[in-house]
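The values are calculated or read from the model by the stated rules, or taken from the named source; none is laboratory data. Predicted, not measured: the structure shown is a model, and the values here were computed from it. Cβ placement follows ideal geometry from the backbone for every residue including glycine, while neighbour counts extend to all protein chains displayed. Quick note on the areas: whole protein, heavy atoms, side chains included, nothing else; ligands and nucleic acids left out. Shrake-Rupley method; radii C 1.70, N 1.55, O 1.52, S 1.80 Å.
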Amino acid sequence: NSNKPLVANRTISPSEIDRLLVLQGPTWHGCSGVHTHMTNTRITDVEIVERRYPVHVRAFSLRPGTGGGGRFRGGDGVLRELMFRAPLTLSVLTERRVLQPYGLEGGDPGARGLNLLIRASGRAINLGPKTAAPVEPGVSMTKRSVYRNARVGRPQR
């Protein structure tokens, strides 16, 4: 059938596409901290980010427990904190900051993401999911990402 995608020399049905896109199968847990097809989830190496942009990566780690519970839990998101070393315009284009990632087939939802701008004074400002803002040296941004890995089935209690 010509209207079905071909993956690894195997034709897949539309119902299988969602499971492939979220990097989770019907019988295993979701992958944590992975780069998916969207640019706002890109996992660029710290060394490359610091070499190409006037930023210092202060933190970069997984966010344990953020993938949501279920028989097969979703993958956990990442935490990144950047400190800016020069004046620039910060552009933010993210998702799942208002509505949390939903679970499938009775699985629990995952955690929401959060984008915080932390001024040199220590004042934290919630940037929301999409914005652009000027930043000065010494200002930090904390990005708590989530991944659209689904939670399948009722959580194990």
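When Ser61, Ser140 are compared by accessible surface with a 1.4 Å probe, the order from highest to lowest is Ser61, Ser140.
On full extension of the chain, what length is gained from Arg52 through Leu99, given 0.36 nm per residue of separation minus the C-alpha to C-alpha distance? Show your work: numbers first, answer last.
On the way: separation 47, 0.36 × 47 = 16.92 nm, distance 3.25 nm.
Answer, rounded to one decimal: 13.7 nm.
Neighbours of Arg97, meaning other residues whose beta-carbon lies under 11 angstrom from its beta-carbon, give a summed charge of +4 when Lys and Arg score +1 and Asp and Glu score -1. What does the accessible area per residue of the range 31-123 come to in Å², with a 1.4 Å probe and no ligands, DNA or RNA counted? Accessible area per residue, the range 31-123: 60 Å². Of the trypsin sites (Lys or Arg not before Pro) in the range 98-147, the ones in a loop by DSSP (not H, G, I, E or B) with at most 15 other beta carbons within 10 Å are Arg119, Arg123.
In whole percent, how big is the carbon plus sulfur part of the accessible area of the range 46-157, probe 1.4 Å, protein atoms only? Looking at the range 46-157 in its full context, I get 53 percent from C and S.
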